[in-house]
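Beneath this line is the structure, given in C-alpha cells, with notes to follow.
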Amino acid sequence: YYETGSADLRIIRCGDPACSTGNSVATVESTGFVGQYSSLAADPSGGLVVAYYFANNGDLRLAWLTG
C-alpha cells in the first residue's frame with residue numbers, strides 16, 4: 001500500500017487468515033514519492049511481484065519479493 005504520510009511503498013504480511021495477529025509491515029521502497037497505483041501478483045514460486053508508480057520521474061517500477 002501507499003503510505004501517504006511518508007510517501008513510501010509498504011506491504012503487510014498477515015500472521016493468520018483474518019490478519020488479526022502476528023502481522024508485519026515492511027517498507028518495499030522509500031526513495032522519493034513511491035508506491036502510488038500499486039498492483040500485486042503472485043509468481044509461480046510463491047513470491048510476490050509489485051508494480052508501482054515512482055512519481056519523482058514518472059516511472060513504472062517492479063519489485064519482486066520472496067519469502
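The values are calculated or read from the model by the stated rules, or taken from the named source; none is laboratory data. Fair warning: this is a prediction, and the values are worked out from it, not measured in the lab. Cβ: placed from backbone, ideal geometry, glycine included. Neighbour counts: every protein chain shown. Accessible surface areas use protein heavy atoms only, side chains included; no ligands, DNA or RNA. Shrake-Rupley method; radii C 1.70, N 1.55, O 1.52, S 1.80 Å.
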Glu3 versus Ser24: modelled label distance in nm, points set 7 Å from Cα along the beta carbon direction
1.5
Accessible area per residue in Å² at 1.4 Å probe, computed on the chain
65
Solvent-accessible area, 1.4 Å probe, carbon plus sulfur percent, for region 6-67
56
Between Asn56 and Leu40, what is the spin-label point distance in nm, taking each point 7 Å from the Cα along the Cα→C-beta axis?
2.4
